[in-house]
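Undergrad: Please read through the structure below; I'll follow up with questions.
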Amino acid sequence: MTTSVIEVPQAAIDLAKQFEGFHRVPKNDPGRAYPHICPAGYWTIGYGHLCAQDHPPITQDEAETYLDRDLVTALNATLRYCPVLAAEPEVRLAAIVDFTFNLGAGRLQASTLRRRINQRDWNASAKELRRWVLGGGRVLPGLVIRRQAEILILR
């Protein structure tokens, strides 16, 4: 795993934790998360870490470790596809790192959003973010709210 010279912005960590949440803790096993299907239809555990259905339960500390690794991966992909963000305010980088963490580097790579960011067209970038609210073929209210939070710090 390569490490970035730029650290994951705290705002990206905060967004990921806020919108992913550490949940799926059964009452008979407090303090641990179990795999569950997210609203978009993927198996996840902890703070939105993709996993297999039979992944063993994890503690919050283990979830934090997964999140740290996943966000470094998202940061590196974000900077690879949107290098202009390295010279922008950290909050702009945080917004797109959260987007990449949430939807994956492939979605960023192939998106009009990427082009708008690299053109430093922040209003058009905000419009593009508003389009990424579907999960499992339907508008997910949580994604609408998440994209709005990203837009607020992008501008």
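Each reported figure results from applying straightforward, stated rules to the coordinates on display, with no laboratory input. The structure displayed is predicted, hence computed values, not measured ones. We place every Cβ from the backbone using ideal geometry, glycine too, and count neighbours over all the protein chains shown.
Undergrad: At a 10 Å Cβ-Cβ cut-off, how would you order H36, H23, H49, fewest neighbours first?
TA: H23, H36, H49
Undergrad: Right, next: Give me Y81, Y42, Y47, Y34 sorted ascending by neighbouring Cβ count inside 10 Å, so fewest comes first.
TA: So the ranking, lowest neighbour count to highest, is Y42, Y34, Y81, Y47.
Undergrad: Between the helical axis of 90-103 and the dominant principal axis of the chain, each derived from Cα atoms, what acute angle in degrees is found, rounded to the nearest 10?
TA: 50
Undergrad: Sort largest first and round to whole Å: the equivalent ellipsoid semi-axes of the chain, each the square root of five times a Cα gyration tensor eigenvalue.
TA: They are 27, 17, 13 Å, listed from largest to smallest.
Undergrad: Mean separation of Cα pairs under 8 Å and 6+ residues apart, divided by the residue count of the chain: what relative contact order is that in percent?
TA: 22
Undergrad: Let me ask another. Going by amide H atoms built from the backbone, whose H comes under 5 Å of the H on G48, apart from near neighbours?
TA: For G48, whose amide H was placed from the backbone, there are no distant partners under 5 Å.
Undergrad: Next question. Nearest 0.05, what FRET efficiency do R69 and I37 give at R0 = 30 Å with Cβ-Cβ as r?
TA: 0.90
Undergrad: Same structure, new question: Net charge around E88, counting only other residues with Cβ within less than 12 Å of its Cβ (Lys, Arg = +1; Asp, Glu = -1)?
TA: After counting each charged neighbour, the total is +2.
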